[in-house]
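The values are calculated or read from the model by the stated rules, or taken from the named source; none is laboratory data. On a predicted model such as this, the values are computed, not experimentally measured, just so you know. Ideal geometry is used to build each Cβ from the backbone, glycine not excepted, and the neighbour counts take in all protein chains shown. The area values use the complete protein model at the heavy-atom level, side chains included, leaving out ligands, DNA and RNA. Shrake-Rupley method; radii C 1.70, N 1.55, O 1.52, S 1.80 Å.
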Amino acid sequence: MKKHGILNSHISKILTDLGHTDFIVVADAGLPVPEGVTKIDLALTLGVPSFQDVVDVIAADMVIEKITLAEEIKQENEQALQYIMHTFAGEQLEQTQLNKQAAVIEFCPHEQFKELTRYAKAVIRTGEAKPFANCILQAGVHFG
């Protein structure tokens, strides 16, 4: 059994197989998953696990160079937006912060966001029950 890192074998495999610019989606309980895209369902009850809990664990194990959010998050879920900005916005990070990394943050309309999910390597469904708590995490490269 693994001692550290992600224990979920499906998520661990997806992250291991990601190449540069491949992406995954971390989704709230309501985001539709396109046919043919791998769905890893972590939802237990409404709110469990949370969007933030899942993104934190993945970010600790994945090089993330870009994050895409729905434009609507700005009006409908300021808490999730502030979490993403605080965790990934480069100007707010110090080099010594563990589990924090600078990433480009982009926005698009929710309908376009849903279209982009068709190209994801996987959609990881959380139990999050707040609107627009979804993000596309694009893989960067780690050379040591």
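Around residue 45, under 15 Å between beta carbons, what's the net of Lys plus Arg minus Asp minus Glu among the other residues? Once positives and negatives cancel, what remains is -2. Once the C-beta distance of residue 20 and residue 82 is scaled by a Förster radius of 30 Å, the resulting FRET efficiency is 0.60 to the nearest 0.05.
When the C-alpha to C-alpha distance is required to be over 28 Å, the pairs from 2/121; 2/114; 66/114 that qualify are 2/114. With springs only between Cα atoms under 10 Å apart, run a GNM on the chain and tell me which of 121, 130, 13 wobbles the most. Of 121, 130, 13, the Gaussian network model singles out 13 as fluctuating most.
The ratio of the alpha-carbon radius of gyration of the chain to the globular-protein estimate 2.2 N^0.38 Å is 0.98. When the scattering of region 38-86 is computed by the Debye formula from its Cα atoms alone, each counted once and equally, what is log10 I(q)/I(0) at q = 0.13, 0.15, 0.33 Å⁻¹? One equal scatterer on each Cα of region 38-86 leads to -0.37, -0.49, -1.21. Evaluating 6.51 cos²θ - 1.76 cosθ + 1.60 at θ = phi - 60° for every residue in region 112-120, the Karplus couplings come out as 5, 4, 4, 5, 4, 4, 4, 9, 6 Hz, glycine and proline recorded as x. Inter-label distance, residue 2 to residue 115: 3.5 nm, where each label sits 7 Å from its Cα along the C-beta direction. Here the chain is assigned +1 on the Cβ of each Lys and Arg and -1 on the Cβ of each Asp and Glu. Its dipole about the Cα centre then comes out at about 500 debye. In this structure the chain gives 57 Å² per residue of accessible area when probed at 1.4 Å with all protein chains present.
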